[in-house]
Amino acid sequence: MEQSRNEEKPLEPAKEQSATQFYHGTKADLKPGDLIEPGFTSNYGKRKKASYVYLTATMDAAVWGAELALGEGRGRIYIVEPTGLIEDDPNLTDKKYPGNPTKSYRSRDPLRVSGEVKDWQGHSPEQLQSMKEHLEHLKQLGIEAIED
């Protein structure tokens, strides 16, 4: 039976994803064992309290997360393990990109930090400025960047 694109995909048990390495980009200063939990102010859109935490299996998506995160300090990329079920991030799948090429996911359960990627390269200043301008343009149009 084929699933309609409008139907939500079922959540997947995190243990089935155990062979995949996941990342989370942020400016928070964390250490192994710390939990990244929903309920904090989102970095995007109207900056309301996030109902989900976000993770990705690609370094490029994690780099964007680290570079675009609000707050003081440097961007950081953590290796994370989901503690519960994860689902495709609808903010980056199907609406914008068919399937999930960015391998971006979200969860209502915490992510456990297992390490930090210390040696990563950010986007060029021009790419970063272009992305920030794009996000500002969406904001001016009243387009919510996060579907919660």
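Here, each number is a calculation from the coordinates, and none is a lab measurement. Because the structure is predicted, anything quoted here is derived from the model rather than measured. Cβ coordinates were reconstructed from backbone atoms using ideal geometry, including for glycine residues, and neighbour counts include every protein chain displayed.
Write out the trypsin sites (Lys or Arg not before Pro) in the stretch 105-135 meeting two conditions: DSSP loop, and at most 11 other Cβ atoms within 10 Å of their Cβ.
Numbers: sites: 106, 108, 112, 118, 132; in loops: 108, 118.
Here the trypsin sites (Lys or Arg not before Pro) that fit, given the DSSP loop and packing criteria, are 118.
Test of understanding: what is the full-extension gain from residue 57 to residue 74, defined as 0.36 nm times their sequence separation minus their Cα-Cα distance? Before the final figure, lay out each step's value.
On the way: separation 17, 0.36 × 17 = 6.12 nm, distance 2.12 nm.
Result: 4.0 nm gained on full extension.
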